[in-house]
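The values are calculated or read from the model by the stated rules, or taken from the named source; none is laboratory data. Because the structure is predicted, anything quoted here is derived from the model rather than measured. Note that we place each Cβ from the backbone using ideal geometry, even for glycine, and neighbour counts take in every protein chain shown. Please note that ligands, DNA and RNA were not included when accessible areas were found on the heavy atoms of the full protein model with its side chains. Shrake-Rupley method; radii C 1.70, N 1.55, O 1.52, S 1.80 Å.
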Amino acid sequence: MNLYTRTGDAGQTSIIGGRVDKDDVRIEAYGTIDELNSFVGQAVSLMDTNSGVFADLKEELLQIQHELFDCGSDLAYARLNEDRYKVGAELAERLETWIDRLEQNNPPLEKFILPGGTSLAAILHVCRTVCRRAERRAVTLGHQHEVNPEVLTYLNRLSDYFFAAARTANARMHVQDTEYVRSAKVFGRKS
């Protein structure tokens, strides 16, 4: 099997049910999800030296990588195809459970923090920001075409998961998050 097909040499690519330009909003959306998946893979690779400390996170991130492929697949349909969607509401609900578990053991948070700390925390913050971009691209796609709304919910919740996981990565390695010096107290307030 050849890795190259030459079918995209003129700037078009195949989606499920058609062909579009490679800069089509649909390609931008699931391409950004693919980019995110690569960064998640990098985060997983950083856990190998501390596998015992991060075994739960590693398992979750590997599951998330599969689910990101599902998100991309759901966005790749040229026409609405609810019967074939892979992403359902239960995935975002499970992320909420994971976030709550992580946050129970994270230090209290009052102010915005700077991305960074350990190498693992830093790449998880990169995952968070790329996830937000993927979400924005999926929203743009949703303005032009019907999309699985559960993908939008999942990406929104996933960026929160990456934030919690980055804080956990620092906490477990006894590295304090750096607060943004001009931040007001924005977390922990009752509205």
task: Give Arg19, Arg94 a once-over and let me know the one that is closer than 28 Å to Arg167 by Cβ and of a type in the set (D, E, K, R).
output: Arg94
- prompt: Are there any pairs with C-beta distances below 7 angstrom linking a residue in the stretch 114-127 that is over 15 Å from Leu57 (Cα atoms) to a residue that is aromatic (Phe, Trp, Tyr), with the two at least 6 apart or on different chains, and if so which?
  reply: Leu114/Tyr180; Val126/Phe39
field: Those residues of the stretch 107-145 which are among the charged types (D, E, K, R) and more than 23 Å from Gly31 (Cβ to Cβ), in sequence order
entry: Glu110, Lys111
Failed item, numbered, when Val175 is tested on (1) part of a helix (DSSP H, G or I); (2) aliphatic (A, V, I, L, M); (3) within 29 Å of Asp56 (Cα to Cα): (1)
query: Checking Ser73 against (1) outside any helix (DSSP H, G or I); (2) surrounded by fewer than 20 Cβ atoms within 10 Å (Cβ to Cβ); (3) small (Gly, Ala, Ser), which test does it fail?
result: (1)
- line: Restricting attention to the stretch 1-58, the residues that are part of a helix (DSSP H, G or I) and either at pLDDT below 80 or open to solvent by 30 Å² or more (accessible area, probe 1.4 Å) (or both) number exactly 16
- prompt: Hey, does the stretch 145-167 have a residue that's touching a residue at least 12 places away in the same chain (Cβ under 8 Å), among the basic types (Lys, Arg), part of a helix (DSSP H, G or I) and open to solvent by 60 Å² or more (accessible area, probe 1.4 Å)?
  reply: no
- prompt: Restricting attention to the stretch 76-106, which residues are within 15 Å of Ile15 (Cα to Cα), outside any helix (DSSP H, G or I) and either without any contact (Cβ under 8 Å) to a residue 24 or more places away in the chain or open to solvent by less than 80 Å² (accessible area, probe 1.4 Å) (or both)?
  reply: Ala76, Tyr77, Ala78, Leu80, Asn81, Tyr85
field: Members of the stretch 166-191 that are on the phi > 0 side of the Ramachandran plot and modelled with pLDDT of 95 or more
entry: His174
- prompt: Quick one: Gly117 ticks every box in (1) surrounded by 15 or more Cβ atoms within 10 Å (Cβ to Cβ); (2) more than 18 Å from the chain's Cα centre (by Cα); (3) assigned to a helix (DSSP H, G or I) bar one, so which box is it?
  reply: (3)
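One line per residue, one yes/no per condition, for (1) within 17 Å of the chain's Cα centre (by Cα); (2) free of Cβ contacts under 8 Å to residues at least 40 places away in the same chain; (3) within 17 Å of Leu152 (Cα to Cα):
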residue	(1), (2), (3)
Ala29	yes, no, yes
Gly41	yes, yes, no
Met47	no, no, no
Ile64	yes, no, yes
Glu67	yes, no, yes
